[in-house]
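Inspection log for the structure reproduced underneath, given as structure tokens.
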Amino acid sequence: MKPLLVLLAVFGLLAAGTYFFQGQVNYLLAGNGAMAAMLVFTAIGHFAFTAPMMQMLPQVLPAKKAWVLATGVLELAAAVGLLVPNLRPSTAGLLIAFFLLILPANILAAQRHLNYQTGTLDGPGPRYLWFRVPLQLFFIAWTWYFGAYLPSLS
């Protein structure tokens, strides 16, 4: 829920700011800036909650800490890529693939009732997936629209 709030709040601020300073809303900047801010926010979680997030990964996956830290770095790189016009379309495509690839970890965490911030098993559980899966699809659609589709119209 927090990443969604960050995404929408930053989008609103950037849309209002571009309207105030430019006389019209710059949706391309607002959409990509909002996703970049959300990615920075979620990347921080990879570094702040590394050990609990390691529990989101399947038992058979080696080097869990490296995977959690690497995905945090990938999120930071994607945040930058979305803000660079020449990198935006390819970054958007890779980010969509990333969102699809991390969905199983979120499903596994929900099945285990994992609280990714504490590492305890008192999280919301499978009912969380009724929110998380549509949210992931929303992030994918947002990334496609603002990162790949809208720039192609320019």
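Of the residues making up segment 111-154, those that are at pLDDT below 85, surrounded by 14 or more Cβ atoms within 10 Å (Cβ to Cβ) and of a type in the set (A, V, I, L, M, F, W, C) are LEU114, LEU129, LEU150.
Screening PRO52 with (1) part of a helix (DSSP H, G or I); (2) more than 21 Å from THR118 (Cβ to Cβ); (3) modelled with pLDDT under 95 gives one miss only, at (2).
Restricting attention to segment 7-29 and to residues that are among the hydrophobic types (A, V, I, L, M, F, W, C) and in contact (Cβ under 8 Å) with a residue 40 or more places away in the chain, the residue that is farthest from LEU83 (Cα to Cα) turns out to be LEU7. Being basic (Lys, Arg), closer than 19 Å to MET38 by Cβ and part of a helix (DSSP H, G or I) is a property that does not hold for ARG127. When MET53, MET35 are checked against the criterion of being surrounded by 19 or more Cβ atoms within 10 Å (Cβ to Cβ), touching a residue at least 60 places away in the same chain (Cβ under 8 Å), more than 24 Å from TYR145 (Cα to Cα) and in contact with a Ser or Thr (Cβ under 9 Å, 6 or more places away or on another chain), a single residue qualifies: MET53. Screening THR91 against (1) touching a Lys or Arg at 6+ places or on another chain (Cβ under 6 Å); (2) closer than 23 Å to LEU29 by Cα leaves a single unmet condition, (1). Within segment 82-119, restricting attention to residues that are free of Cβ contacts under 8 Å to residues at least 12 places away in the same chain and outside any helix (DSSP H, G or I), which residue is farthest from MET54 (Cα to Cα)? Looking at the filtered set, the residue picked out is ASN86.
The values are calculated or read from the model by the stated rules, or taken from the named source; none is laboratory data. Everything numeric in this text was worked out from a predicted model, so none of it was measured. Counting neighbours? That spans all protein chains shown, and the Cβs are built from the backbone with ideal geometry, glycine included.
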